[in-house]
Every structure is written in structure tokens, then in C-alpha cells.
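Below you'll find the structure, written out as C-alpha cells, and then a few comments.
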Amino acid sequence: MKKIGILFGQENTFPQALADRINQINPPGIFAEFVTIDKVLQGADSGYAVIVDRISQDVPFYRAFLKNAATAGCAVINNPFWWSADDKFFNNALAEKIGVNVPRTVLLPSYSLPDNTTDKSFRNLIYPFDWNTIFNYIGFPAYMKPYDGGGWKHVYQVEDKDDFFRKHSETGQLVMMLQEEIDYSQYYRCYCIGGKDVRIMPYNPKNEPHQRYLSDFKGSTALMEQITQQVLALNQHLGYDFNTVEIAVRGEVPYAIDFCNPAPDADIHSIGAEHFEWVVETSARYAIERAMAQKPGKDNLTWGQFIRHRTPKKPAAAPTATKKVTGAPRKSSSEKEKSAGKKINGKSVASKKSNQKKNK
């Protein structure tokens, strides 16, 4: 018997509905329940073939538990290793490389020094920053937001230079990014499940939270197809099993605004009954699919194309042990690992060290 566990926190409607739907489908040898934890022993099997993670972004203990479960063969939705490493600024850089439109964006150092650092910790930074180049590149008005945040927390609309410096001084130790404002005529939030199923939902972030999904944007068939393809490309490269992508449309050009939402809102009271039914049914069937494919003790995580393109297809051969024989020549055998000369978009995958400016 394989178990699908749902790990969640304060949300109420989606976790119960997901467990109920899986059990209503009643796949042979598979059932769903809420995850229970009474101990976490290193390398020990969690008892679950699949865990749907809805809370570990807020609870470090759960994140460590999920990584441990994955080492024993649990298929975690979403991959806790990748989710721990990912951030919104990287997302934008990757999007540009795969041809997805994104707003112009720059990374900003934190206004306040992080704990356990001094001015000497930042000798590689030139002060003052090249603000004129940054402001000319981004333009005003603009948006400032945490480079790894979510839930619309600490998001600022910035009107001009003075407004920027005033609001940046309020951000403390947060590392922020400044982003071009897309003056949109349409806006959509798109579920993507399993890297293959997409649900495009009209959405207006300027409305109150309970009214954001009541928008009536209606794009052309061609625009919907373009949005679908961009959503699929982003999630397949990032490797997310369950994510949302926010798309702002300027003219007829879609821009991916935010696509690092691996535990997106799925509450029936905010997204509405029709969208709720879709996400429950689609995620239930995907979780069952992952449970059926799960192989105990193996790596059952989803790794995106960005990672797969940069790792060898086969592990390097283990060195062969040599045995010294008295009176005979010493022999040894070894294999040199050959790195595949792959190229992505015509560029070599091999990393290059960047030159760093040093203070004189």
C-alpha cells in the first residue's frame, strides 16, 4: 500500500478536498491522508510514497523533514532541494534565456547590514551604487519587492528616485529587486500542475484579495496559446510540479511577472468554485500518477531542464581498487569522466569565473 501525504498549515479547504478526491478516485493500492510526524531519524523512510508540500516555506523543520524523506525515496511535490535554492531574481534571468518576456529587473543590496557582518564584509561593493544607470534602465514608476519573497509581502510601488530611497530605507535586511512596471491591459494567474496542465485565470492584483479572481479579462485565442506555452516552458525548466505564474499583458505581449509560487493560494473562497474544482481534480490525479511511478529508495523528485542540462547523464565510474602484488608490476585502472560538450542556445554550459572589481 502506498500513501500520499498532504503537509499543510493554516489553509483549510484545499488539503481536505485533495485527500478526499484521491480517496474517491480510489486507485488500487494507493490512499491519501494528512502527514503525521512523531520523529525524524536521519535517512529513515517517512512512510509516504508522495508528499504534497503546502507549508515548508514557512517551517524550516518541515523543509528538513522533506529533504530527509526524499533521500529515502519519497516523491515530494515540489522538490524541496530546488525550492530551497530558487529565487525570483534567478527566475527572471532564466526566463530571458529561454525566450519568455519578463520586466527589466535589477538586484539591490540590503539597506541594513545582515547580522554578523560589518562594512568589511562588503569590500567588493562599490559605494555609492550606480543608481543613475539602474534608474535609467528600469524607469519610473517601478516596483520594489524581495528577491525571494511571496504572498505580496513587502511589495512597494515606487514613483521616483526620492520615493525609491525613502522606501528602500524601510526594507532593513531584506534583499530587494527593482522591477520595471508593466502597464497592463490584461492580467492572468496561471496554475501549472505536473509541468503539463495549465489553468489560465483572469486576475487583478490591484483589487482587494477577495476580489482579485473576479476580473473579466478576455484575451485572444493566440494570446492564450502563447501564455500557455510560456507557463509550460517556465515550469519545465524550473522543475516545479505545482506552481502559479502571473502574466501581465501590455498590448498583445505577455510578460511573466511572478513565477516562484510553489505553494500558491488554492482556497475555494478566494479562487472560486470552478477554479477550485479544476485544481483539486488535476492535482489529485497528478499525485496518484507520481505514487504509481514512485520507486522505493530511488530519487523520485522532479528536476527541471535547467538542472538536467547541466549534469552528466551517467554518474562517473567509481575508481577501481588496485592490489599490490609482490614481485609483479603495479597496475591500476581508472576512468576519466568526460564532460559532455552540450550547448544551450548556442552557448557552452561550462561555467566561467566572473571578474570582480576590488576596492583600491
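Values as computed for the structure displayed
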{"quantity": "Residue ID - surrounded by the fewest Cβ atoms within 10 Å (Cβ to Cβ), chosen from residues in region 141-159 that are part of a loop (DSSP other than H, G, I, E, B) and in contact with a helix residue (DSSP H, G or I) (Cβ under 9 Å, 6 or more places away or on another chain)", "calculated": "W152"}
{"quantity": "Qualifying position, being out of contact with any Cys (no Cβ under 6 Å at 6 or more places or on another chain), open to solvent by less than 50 Å² (accessible area, probe 1.4 Å), within 27 Å of Q16 (Cβ to Cβ) and of a type in the set (G, A, S), among G219, G195, G239", "calculated": "G195"}
{"quantity": "Every residue from region 1-59 that is touching a residue at least 24 places away in the same chain (Cβ under 8 Å) and charged (D, E, K, R)", "calculated": "K2, K3, E11, R21, E33, D45, D53, R54, D58"}
{"quantity": "Neighbours by Cβ (under 8 Å, 6+ apart or cross-chain): first from region 249-273, among the basic types (K, R); second modelled with pLDDT of 95 or more and open to solvent by less than 30 Å² (accessible area, probe 1.4 Å)", "calculated": "R250/I182"}
{"quantity": "Answer residue from region 271-302, given it is within 12 Å of V76 (Cβ to Cβ) and in a loop (DSSP other than H, G, I, E, B) and is most open to solvent (accessible area, probe 1.4 Å) among those", "calculated": "D299"}
{"quantity": "Answer from D86, D58 - the residue that is touching a Gly at 6+ places or on another chain (Cβ under 7 Å), modelled with pLDDT under 95 and not β-branched (V, I, T)", "calculated": "D58"}
{"quantity": "Those helices (runs of 4 or more DSSP H) lying entirely in region 21-140 with at least 3 residues among the hydroxyl-bearing types (S, T, Y) and buried (at least 21 other Cβ atoms within 10 Å of the Cβ)", "calculated": "none"}
{"quantity": "Residue ID - most open to solvent (accessible area, probe 1.4 Å), chosen from residues in region 175-192 that are closer than 26 Å to F90 by Cβ and either among the β-branched types (V, I, T) or in a loop (DSSP other than H, G, I, E, B) (or both)", "calculated": "D183"}
{"quantity": "Complete set of residues in region 257-270 that are small (G, A, S) and either in contact with a strand residue (DSSP E or B) (Cβ under 8 Å, 6 or more places away or on another chain) or open to solvent by 30 Å² or more (accessible area, probe 1.4 Å) (or both)", "calculated": "A263"}
{"quantity": "From the options P254, P209, P202, residue that is open to solvent by 10 Å² or more (accessible area, probe 1.4 Å), at pLDDT 95 or above and either farther than 28 Å from D20 by Cβ or not charged (D, E, K, R) (or both)", "calculated": "P202"}
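Table: residues versus (1) over 19 Å from the mean Cα position of the chain (by Cα); (2) within 26 Å of P146 (Cβ to Cβ).
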| residue | (1), (2) |
| --- | --- |
| L178 | yes, yes |
| D216 | yes, no |
| I227 | no, yes |
| P262 | no, yes |
| D267 | yes, yes |
| W278 | yes, no |
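The values are calculated or read from the model by the stated rules, or taken from the named source; none is laboratory data. Remember, predicted model here, so these are calculated numbers, not experimental data. Every residue, glycine among them, receives a Cβ derived from its backbone with ideal geometry; neighbour counts consider all protein chains shown. Protein only, heavy atoms only, side chains kept; ligands, DNA and RNA dropped before computing areas. Shrake-Rupley method; radii C 1.70, N 1.55, O 1.52, S 1.80 Å.
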